[in-house]
Amino acid sequence: MRDVWTMESLLPYIGADRHRLQYPARGLEQHGVRLSGGSDWPVDPLHTWNQVRTAVDSEGDVATEGALYPELQGISRASSLRMHTSGSAHQLRLDHLTGTLSPGRSADLVVLDRDVARVSLKDLGETQVRLALAGGRTVYEADSAAGRAARGTSGAAAALDAVHGRHGACGCGTSH
């Protein structure tokens, strides 16, 4: 959660001009940088769909100090979705395997409880995964007993490791 400690404590040290540029997503995107989305804790809680929203409005669901300059650095919803899918796959060197639904790539996908391209921005952060597939295999099903037990655990992450291999794309040559 963005709060006084994580955001405003920097202001006296870096000044207002630099403070407003802490999260320069729009500026980077405008200069051709491929954005990658992920956890930004402690500024943003560890909730993927709130992170997608926060990239757009610079506020998200739980900001206590208001938005951090969305008029300067907020990006479009489409850019945020791309950042959190194909952008993250690229950063992890997995874009040859995943990140987009394309022939020859893994069938990694999620079925959601709403249309994230059309739902209000406020409701975007509340999106829930109903079904997740990794490599075409079901790794999470919300309505199953295992899915209910997996909520709040790293079950899906372990399943992704099993499908793609933890270090399979990083080039380090180790397998765990």
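Readers should treat all values here as calculations from the given coordinates under stated rules, not as data from a laboratory. Just so it is clear, the structure is predicted and the values come from calculations on it, not from any experiment. Glycine also receives a Cβ, built like all others from the backbone with ideal geometry; neighbour counts cover every protein chain displayed.
Taking amide H as placed 1.01 Å from N in the peptide plane, the amide H of residue 131 sits under 5 Å from that of 111, 142, each at least 5 places away or on another chain.
Given the Cα-Cα distance of residue 112 and residue 72 and 0.36 nm per residue of separation, how much length would full extension add, in nm? Show your work: numbers first, answer last.
Working: separation 40, 0.36 × 40 = 14.40 nm, distance 3.00 nm.
The span from residue 112 to residue 72 would gain 11.4 nm if fully extended.
Label point of residue 142 set 7 angstrom out along Cα-Cβ; within the stretch 97-111, amide nitrogens under 16 Å from it belong to 109-111.
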